[in-house]
Amino acid sequence: MSTQRDGTKPPGNGAFRTKTVEESIKDTEDPEFALRKSLSALDLTVFGVGVIIGTGIFVLTGEVAKENAGPATALAFVVSGIVCALAALCYAEFASTVPVAGSAYTFSYASLGELPAWIIGWDLVLELALGCAVVAVGWSGYVRSLLDTAGAGLPDALSGTHGGKFGFDLLAFLLVLVLTGILILGVKLSSRVTTVIVAVKVTVVLIVIIVGALYITSSNYQPFIPPSRPVSGGSGLNAPLIQVIFGFTPSNFGVMGIFTAAAVVFFAFIGFDIVATSAEETRNPQRDVPRGILGSLIICTVLYVAVSIVVTGMQKYTELTVDAPLADAFKAVGHPFWAGLISFGAAVGLTSVCMILLLGQTRVFFAMSRDGLLPRTFSHVHPKFGTPYRSTVLLGLIVALVAGFTSISELAELVNIGTLFAFIVVAIGVVILRRQRPDLPRAFRTPLVPFLPAASVLASLWLMLNLPSETWLRFGIWMAVGFVVYAVYGRGHSRLGKARAGR
């Protein structure tokens, strides 16, 4: 095969044609399709913390302590943090090398080719849409609880679908519409709103740590790693895929229980990759995006570990509640005021999670549209606000309707498998791009390539295998639909394909 002037192989003209880094960056220079650069490293770190700290720290801490790991839940958060750090280091290199909207989609286009990029983009659209809708429904639940306490509850018909009873979740619907409006008005405004919300949320978390530390009873840590207890695996589609394939069933408590818990609390970390979707809107992406990704992950890991240590010290792990462990732990020690404050902080915190998930989704959709794989009309930016307003309106309405009309808790695991799939693709892409384009300037370099990316792939795959077979089936169906859409529309309308064909 012939080579180009820079010594690299031609990018090809089939489904695996790659879009060079130079071509991706050039697309960001067209004023009609260019996003406004207004974010700093601090803004990106706030985005990361804003989307990571959500229901995970307020709910999962008690659930895994009671059912999987006991006081050793803190170690489970450390394990999950390490898994995410492996992926974060790969994201950081890509984001500093290809500072273009789209995150894993854009990275895949530059390394693996158009079809893999389409699949990962299709995956991210589902992941972020469902994630945003799920969080909006969760936020609605917290707010309804606060309203009921104040004697201003909503009628059942406007409180969502529960227990097989159909309803419309008015609060979740309105939340998504309001956040859609904020995103249209500009990413800097979104950043300022997020900063306020994150300040409230982190303050509440620090209150849990500082005040809760005063009520720790050392005997609650005994034993720190409870004796191992075998668990009966699921059956059929409810069984983890690893059980279906290898007959392996996880155990609770003991050393293996820490890893079982890590597979659960991993989902409390989902979101740091959203920072990479804002690379194109960052003033100095080569420096600031890696700082935002790694900074937000480190901050959240430290907070998660501290909270889990405090909560399991305040109340015996066997007595923790699953629905609201942090708030109920304070009630158990006779401090309902702090419990109410925590519930308020959880409701406020979910607002930023919902907004940043919606932000990430619109940027991936925008990048795919700009490449012609989706209708180009959705890649036009607002002449005044510099945001992809058409795609934001479309996706905001869809997510609002999904959140309003659907009880989608059973689909939440699709968010998790989609994220892990993206982690694997990015890790592989780092190795491929290093070999294909060693000449590219890399402001941040992932250490120990290819060993660290390989470790990231294996760690992510392990967690994926612990998800139910039913989740894999649904994920496979969504991917199959994606192949059809690409074959019918994306392949023929690809700007890159037309350029390669001289059209």
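Taking Arg376 as the residue in question, decide whether it is more than 28 Å from Thr260 (Cα to Cα) and surrounded by fewer than 16 Cβ atoms within 10 Å (Cβ to Cβ).
Values: more than 28 Å from Thr260 (Cα to Cα): yes; surrounded by fewer than 16 Cβ atoms within 10 Å (Cβ to Cβ): yes.
Yes.
When you check Phe344 against the structure, is it modelled with pLDDT of 85 or more, among the aromatic types (Phe, Trp, Tyr) and in a helix (DSSP H, G or I), yes or no? Spelling it out, it is not the case that Phe344 is modelled with pLDDT of 85 or more, among the aromatic types (Phe, Trp, Tyr) and in a helix (DSSP H, G or I).
Annotation for segment 229-249: no member residue is surrounded by 15 or more Cβ atoms within 10 Å (Cβ to Cβ) and either among the charged types (D, E, K, R) or modelled with pLDDT of 80 or more (or both).
Could you tell me whether segment 131-153 includes any residue that is within 26 Å of Arg445 (Cβ to Cβ), small (Gly, Ala, Ser) and either at pLDDT 80 or above or within 17 Å of the chain's Cα centre (by Cα) (or both)? Let's see the steps before the verdict.
Going residue by residue through segment 131-153, those that are within 26 Å of Arg445 (Cβ to Cβ) are none.
Looking through segment 131-153, none of the residues is within 26 Å of Arg445 (Cβ to Cβ), small (Gly, Ala, Ser) and either at pLDDT 80 or above or within 17 Å of the chain's Cα centre (by Cα) (or both).
The criterion of at least 3 residues that are buried (at least 19 other Cβ atoms within 10 Å of the Cβ), of a type outside the set (Val, Ile, Thr) and at pLDDT below 70 is met by none of the helices (runs of 4 or more DSSP H) falling completely within segment 1-65. The residue of segment 177-196 that is farthest from Ala41 (Cα to Cα), among those that are modelled with pLDDT under 80 and not aliphatic (A, V, I, L, M), is Gly186. Within segment 134-145, residues that are at negative phi reach partners that are part of a helix (DSSP H, G or I) and polar (S, T, N, Q) with beta carbons closer than 8 Å, at six or more positions or on different chains, in the pairs Val134/Ser409; Val135/Thr55; Val137/Ser409; Gly138/Thr55; Trp139/Thr351; Tyr142/Ser343; Ser145/Ser343.
Would you point out the residue of segment 108-128, among those that are among the aliphatic types (A, V, I, L, M) and surrounded by 24 or more Cβ atoms within 10 Å (Cβ to Cβ), that is farthest from Val431 (Cα to Cα)?
The initial filter retains those residues of segment 108-128 that are among the aliphatic types (A, V, I, L, M), namely 110, 112, 115, 117, 119-120, 124-126, 128.
Next, from what is left, pick out any that are surrounded by 24 or more Cβ atoms within 10 Å (Cβ to Cβ): 110, 117, 120, 124, 128.
Details: Ala110: 12, Ala117: 16, Ile120: 17, Leu124: 21, Leu128: 26 Å.
Only one residue fits best here, namely Leu128.
The number of residues in segment 353-388 that are closer than 17 Å to Gly186 by Cβ and outside any helix (DSSP H, G or I) comes to 9.
Any chance segment 414-430 includes a residue that's polar (S, T, N, Q), modelled with pLDDT under 90 and more than 22 Å from Pro116 (Cβ to Cβ)? For segment 414-430, residues polar (S, T, N, Q), modelled with pLDDT under 90 and more than 22 Å from Pro116 (Cβ to Cβ): absent.
For segment 351-373, a residue qualifies if it is among the aliphatic types (A, V, I, L, M) and either farther than 14 Å from Leu128 by Cα or surrounded by fewer than 24 Cβ atoms within 10 Å (Cβ to Cβ) (or both), and the qualifying residues are Ala367, Met368, Leu373. Within segment 366-384, residues that are in contact (Cβ under 8 Å) with a residue 40 or more places away in the chain and among the β-branched types (Val, Ile, Thr) sit with their Cβ atoms under 8 Å from residues that are in a loop (DSSP other than H, G, I, E, B) and surrounded by fewer than 20 Cβ atoms within 10 Å (Cβ to Cβ), at 6+ positions apart or across chains, in these pairs: Val381/Ala34; Val381/Arg36.
What number of residues within segment 203-228 satisfy the criterion of being out of contact with any Leu (no Cβ under 9 Å at 6 or more places or on another chain), under 19 Å from Leu75 (Cα atoms) and surrounded by 15 or more Cβ atoms within 10 Å (Cβ to Cβ)? Final tally of qualifying residues: 4. With respect to (1) touching a residue at least 60 places away in the same chain (Cβ under 8 Å); (2) under 26 Å from Thr73 (Cα atoms); (3) surrounded by fewer than 20 Cβ atoms within 10 Å (Cβ to Cβ), the lone exception for Val302 is condition (1).
Which is crowded, with 24+ Cβ neighbours inside 10 Å and within 30 Å of Pro223 (Cβ to Cβ), of Ser80, Ser103?
Criteria check complete, one pass: Ser80.
The values are calculated or read from the model by the stated rules, or taken from the named source; none is laboratory data. Just so you know, these numbers come straight off a predicted model, no measurement behind them. Heads up, the Cβs are rebuilt from the backbone with ideal geometry, glycines too, and the neighbour counts pull from every protein chain shown.
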